[in-house]
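Read through the structure below, which is laid out as structure tokens, and then see the notes.
The values are calculated or read from the model by the stated rules, or taken from the named source; none is laboratory data. What you are looking at is a predicted structure, and each value in this text was computed from that prediction instead of being measured. No Cβ is skipped: glycine too gets one built from the backbone with ideal geometry, and neighbour counts run over all protein chains shown.
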Amino acid sequence: MNIEQDALPTPRHLMHWCCRFSGSGSLSTLLLGPERPADVLDALRHAAEAASDVLLFWYAGCGFTREGGLVFGVMDTDPRHPADTGVALDAVAEIMSTSQAGRPAVILDCDHAAIATTRFTGTAPAPSLMGAETSSFRPMADPFTETLVDGLTDGVQEGPEALDLVTLHNAIEAAYTRTRYYVENEYIGGPSHVLLRGGRELALGINPAFGLPNRSGALPPHPDVVDAQESW
């Protein structure tokens, strides 16, 4: 498994989960503020060669779009010339396509993440994809990575034993819905949609709230549950 991350809004959240995942016997590589595109691509290439089951590329940072493509920022990226100084999504897709991993996945927390749905079209199996698509929290940052890691570490209420991407997707949107009910005197608009493609076959961990309906900190299971609770 491989995790790539730049300019993290919540590095401690991801570091905590990454350490727990590594302790389960899986390979994980966490890059905090990588300087060069090669730092990211070399780490991903190593993970792709080593992985036989799950290969996960997780990026949180600045996304740039050029000529219809998506580029991930690193410390040395020039915003005026991202294509020449950043990590191209197409390069990530090419490396992942060479892996023998049976369950590839991509998690993106950056602008223009929806572009990823048009990539990975020639790979088999096609990677599961989840990401922050549109934010209703602007000008505040969309708390996608923070909320996702909260779900992994604290669990999902009434969720299955294994936290697959579909369960986590629904829980994140539920947490966003709950936030809009709780925030006062600030405008938070419509739903913050979380991008999802596939994901039912891939679990990122065991649900800490499984069988514990009153576990503190667990995310609600679905936006409809939050709406029902708040309208009661």
Give 48, 88, 93 a once-over and let me know the one that is among the hydrophobic types (A, V, I, L, M, F, W, C), at pLDDT 90 or above, farther than 20 Å from residue 142 by Cβ and in contact with a Gly (Cβ under 8 Å, 6 or more places away or on another chain). 88
Within the range 74-104, tally of residues that are touching a strand residue (DSSP E or B) at 6+ places or on another chain (Cβ under 7 Å) and buried (at least 23 other Cβ atoms within 10 Å of the Cβ): 7
Output the residues belonging to the range 49-68 that are surrounded by fewer than 21 Cβ atoms within 10 Å (Cβ to Cβ) and more than 16 Å from residue 112 (Cβ to Cβ). 49, 50, 52, 53, 54
